[in-house]
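The values are calculated or read from the model by the stated rules, or taken from the named source; none is laboratory data. Not measured: the values here are computed from a predicted model. Please note: Cβ atoms are built from the backbone with ideal geometry, for glycine as well, and neighbour counts cover all protein chains shown.
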């Protein structure tokens, strides 16, 4: 279990808890490393840090597997109480910062925070590189570019009407 309690954060002298995550994440099939800092800001907890690791992804163009380097900055805020309640403290959100409502929960699930951060940081279109051949496969026999999925179009007969 990779959870920290709000009490643990509050007990720290500067109300800042440093947390290091170095574990295998089953969903990604790889080890992930994260250096995090959780800081109490009154009614909020701020989580900041960096996630690193290497994922195996499948290219959307050529369907080959490739290594994808993770280098993700985490900057998330947790509201200790329900977001609907009136807060006596004002808090300014920075660009791309998230607020998670703990709704009175006493723990923060670090594993879930890392999982969501990785998922949100993955590219929409996963491409192995700038020189990806876009699904075209080299034929061993002719040394020409050939995509077997296109063979169906070789048999289409088109009648011309003049």
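Remarks
- Test: residue in region 109-119 that is at pLDDT below 90 and either surrounded by 10 or more Cβ atoms within 10 Å (Cβ to Cβ) or outside any loop (DSSP other than H, G, I, E, B) (or both): no
- The set of residues in region 2-15 that are touching a residue at least 60 places away in the same chain (Cβ under 8 Å) and not in a strand (DSSP E or B) comprises 2, 6, 7.
- Within region 16-67, restricting attention to residues that are free of Cβ contacts under 8 Å to residues at least 60 places away in the same chain and touching a helix residue (DSSP H, G or I) at 6+ places or on another chain (Cβ under 7 Å), the residue that is farthest from residue 100 (Cα to Cα) is 17.
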